Amino acid sequence: MNENRQRGEALPIFISNTTKTYGDVFALDSVSLDIKSGEFMTLLGPSGSGKTTLLMVLAGFTRPDHGSVKFGDREVVRTPPHKRDVGMVFQNYALFPHMTVAANVGFPLKLRGVASAEMADRVEGALETVQLGGYGARRIDQLSGGQKQRVALARAIVFEPRILLMDEPLSALDKKLREHMQIELRHLHDKLGMTTVYVTHDQREALTMSDRIAVINHGKLMQLDKPRQIYDFPSNKFVADFIGESTFLPVEVTGGKASYNGTQLKTAINPSSAASYDLLMRPERVSLVNGRTPRDTNVFKGTVSDLVFQGEAFLMYATLSDGTNVAVRGSTLRDTMANLPTVGSSVTLGLHKDDTVLISDAGA
Amino acid sequence: MSTADTVIVNASSGEDADRPHAEGLKQDAFLERLRLFGLCSPALLLVLVIMVLPVTWLFYISFLSDEGTFSLEHYQRMIDSKSYTRIFLTTFKVSILTTFICVIIGYPLAYFLSQLPRRAAAICMITVLLPFWTSLLVRTYAWLVLLQRKGILNTWAIDLGLWDEPLKLVHNLSGTLIGMVHIMLPFLVLPVYGSMKVIDNDYLKAASNLGATPAQAFRQVFLPLSMPGLFAGALIVFVLCLGFFVTPAVLGGGKIIMVSMRITDNIELFFNWGAASALGVVLLALTMGILYASSRLLKLDRILGGGGH
């Protein structure tokens, strides 16, 4: 028992060449992914991308066709779920309805033969960690969605697993609570230090919480990087499109320089001339240029086709000369709002050279 | 102009201008309730005519002596005569045993069905339901044919060398139980299957993830969650058994006498409606008592109402 409590070190996870097919469909297509010990890794992708399959392979509920999954030095790909010793928070929480909160949280301890006095202490401790101290005697159906979420989390961490898996745990909560829980989960992770693998389809959630994000689509790893890097420098069109809002402009590449509509673009990184490229424009990175063009900025001329007030931001659509609609988003500062061009008038859009990111079409 | 109209209308109906249409809306709500009640009145009337009135009448004649005066003689006889005690004991013994065997056979069967893919489960369910579609009498006599001294079962078993002498499988308790279990099984399997089908697979995954072996997950999560269905099914079977007539009459061979059979005898042989009614009343009272006690013990309202959630 004491031995159980003392092995608090987080474990790294090594996934290599793991494939899972359902009929002809590849849920996982030869995925290799290393997760550092203590890292908060998010698996991000649209529904059906294989992110949940990968999590289920880690938990042991899905048997891959082939592949290797190691927790530290231990190969676990053939280990049944109940011997893997990983905590997991299910999407619908999966709290046992016939047990009280305390019995739910104590369940993994009871199975591990923890003495009842120690069990009560640890259950209360776990409940306090998720700010539900004193809720032990409640029935599950007496809890709100947010409280169920916390109980599920307490149950997953009470036996101090070195790896914690979470399957879209916040998707059933309303927006405000979800955003609050994102921060709280992140703090909890920093406090407990266990390696966390988190599945979500919500890109904002992934950007908010993760150390690194693995973007997955069609069972393949599309990009693996830190949130800022993923957002600013997506490595392919899928990632650029899936994360954040984006407008793509086709560019011609000649002699290592990109140009749009005949105008050469200033870029931070010059393209290699081999592939064809698109220019990625994030609405909030596009500025409205009045008068003199600032330094290191590419400009695009267009006509305002739509202008919407969204509260904290305005959203403008400008049609460029080739007919492409570009979205522009800006904060609703008093001065900005006073000087916004009206629908139908011409407008000059600016994009700083560091934000002028070229996306290779290959591999999308 | 319209303002003036409003004022006049309000003034004429004596309504408060701050609570427009309060009276009218209240009246609408009342009429709606009345109409809804009107819709169920045919059903209520039917229940009154075919249930409440006969039972009340039964109750009434059970307190009448043969001369038509008020008397407790029919109840007195039940207390005095040993045979009545024996009949009630037999009835309960047969009902409890049938229920018990149904649980032993039905629970694993329902579990098996609940784990099958949808299509296979549907096909297997038909075989479970098949007895429902054939006449009770036909099924009972079929068992007689199968189980009797020179029946198929004994013949085959002796041919195969399983036993040497023909076993007495019918005209006794075992024959009665075989027949009754066969007839009652669907009543147990259906509610149990229903309660198992709604158990989210994630509960078992969660148990497994938290360290439970498959046996522990079944014992500590699946079994308790399927209990409501099992209680409901067992209760239905037990209560139906208490009033069962045809199968024990045919397969019991006169050795198994249940309350319902004594009621028939009282009417057909002795033309004693009072005695038959008194038996019926006692059986009804016992059944209701058992239902009430089990509902208190097992929190049946939650089981039947909540379906385990």
*Longest to shortest principal axis, alpha-carbon extents of the protein assembly as shown, angstrom*: 119, 91, 51
*Taking the DSSP beta bridges in chain A as the whole, what percent of them are antiparallel, to the nearest 5?*
75
*asked:* For Cα pairs less than 8 Å apart in space and 6+ apart in sequence, what is the mean separation divided by the residue count of region A:216-364, i.e. the relative contact order in percent?
replied: 29
*So between A:A117 and A:K353, what do we pick up on full extension, going 0.36 nm a residue minus the alpha carbon distance?*
78.6 nm
*asked:* At a 10 Å Cβ-Cβ cut-off, how would you order B:H171, A:H66, B:H74, fewest neighbours first?
replied: A:H66, B:H171, B:H74
*Quick one: compute the contact order of region A:259-318, relative version, from alpha carbon pairs under 8 angstrom and 6+ residues apart, as a percent.*
22
*DSSP bridge pairs, region A:172-311: antiparallel proportion in percent, nearest 5*: 100
*In the protein assembly as shown, what % of DSSP beta bridges are antiparallel (nearest 5)?*
80
*So how do B:W133, B:W143, B:W156 line up by other beta-carbon neighbours within 10 Å, fewest first?*
B:W133, B:W156, B:W143
_At a threshold of 8 angstrom on Cα-Cα distance, excluding pairs fewer than six apart, so keeping six or more, what relative contact order does chain A reach in percent?_
16
*Using alpha-carbon positions, what is the distance between the centroids of region B:190-242 and region A:279-345, in Å?*
60
*chain A: most fluctuating residue of A:M166, A:M119, A:M209 per GNM, C-alpha cutoff 10 Å*: A:M119
_Are there any trypsin sites (Lys or Arg not before Pro) in region B:174-259 that are in a DSSP loop and have at most 16 other Cβ atoms within 10 Å? List them by number._
B:K255
*Low-density loop cleavage sites - trypsin sites (Lys or Arg not before Pro) in region A:282-360, where at most 11 other Cβ are within 10 Å (DSSP)*: A:R292, A:R295
_How large is the Rg to Rh ratio of chain A when both quantities use alpha carbon positions and Rh follows Kirkwood?_
1.07
*Between 0 and 90°, nearest 10: helix A:145-157 axis offset from chain A longest Cα axis*: 60
*Quick one: Cα centre-to-centre distance for region A:240-255 and region A:43-61, in angstrom?*
28
*Mind checking which of A:D65, A:D24, A:D202 has the largest fluctuation in a GNM of chain A, springs on alpha carbons under 10 Å?*
A:D24
*When the dipole is taken about the Cα centre of chain A, and only Lys, Arg (+1) and Asp, Glu (-1) are charged at their Cβ, what size is it in debye, to the nearest 20?*
480
*asked:* Between region B:101-145 and region A:125-157, how far is it from one alpha carbon centroid to the other, in angstrom?
replied: 42
_FRET E, pair A:S360, A:L177, Förster distance 35 Å, beta-carbon r, rounded to 0.05_ = 0.35
_GNM result for chain B, Cα springs below 10 Å: residue of B:P224, B:P108, B:P117 fluctuating most strongly_ = B:P117
*Across A:K36/A:K353; A:K70/B:K205; A:K51/A:K301; A:K83/A:K175, pairs whose alpha-carbon gap is larger than 32 Å*: A:K36/A:K353; A:K51/A:K301; A:K83/A:K175
*Using a Förster distance of 51 Å, the FRET efficiency for B:L58-A:Q91 (Cβ separation, nearest 0.05)*: 0.35
*Collect residues whose amide H, placed 1.01 Å from N in the peptide plane, falls under 5 Å from the amide H of B:S71; neighbours closer than 5 in sequence don't count.*
B:L64, B:S65
_Sequence of B:C241, B:C102, B:C124 once ranked by neighbouring C-beta atoms within 10 Å, starting from the fewest_ = B:C124, B:C241, B:C102
*Taking a label point 7 Å from the Cα of B:A121 along the Cα→Cβ vector, which residues of region B:225-246 have an amide N closer than 18 Å to it?*
B:225-230, B:233
*Write out the chymotrypsin sites (Phe, Trp or Tyr not before Pro) in region B:216-274 meeting two conditions: DSSP loop, and at most 16 other Cβ atoms within 10 Å of their Cβ.*
B:F245, B:F270, B:F271
*Return the average number of partner chain Cβ atoms within 10 angstrom of each residue Cβ along peptide A:311-322.*
0
*Using a Förster distance of 35 Å, how high is the FRET efficiency between B:Y111 and A:S144, based on the Cβ-Cβ distance and rounded to 0.05?*
0.55
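All of the numbers you see were taken from the coordinates with simple rules; none came from a lab. Quantities reported herein were computed from a predicted structural model and do not represent experimental measurements. Don't worry about glycine lacking a Cβ; one is built from the backbone with ideal geometry, like all the others, and counts go over all protein chains shown.
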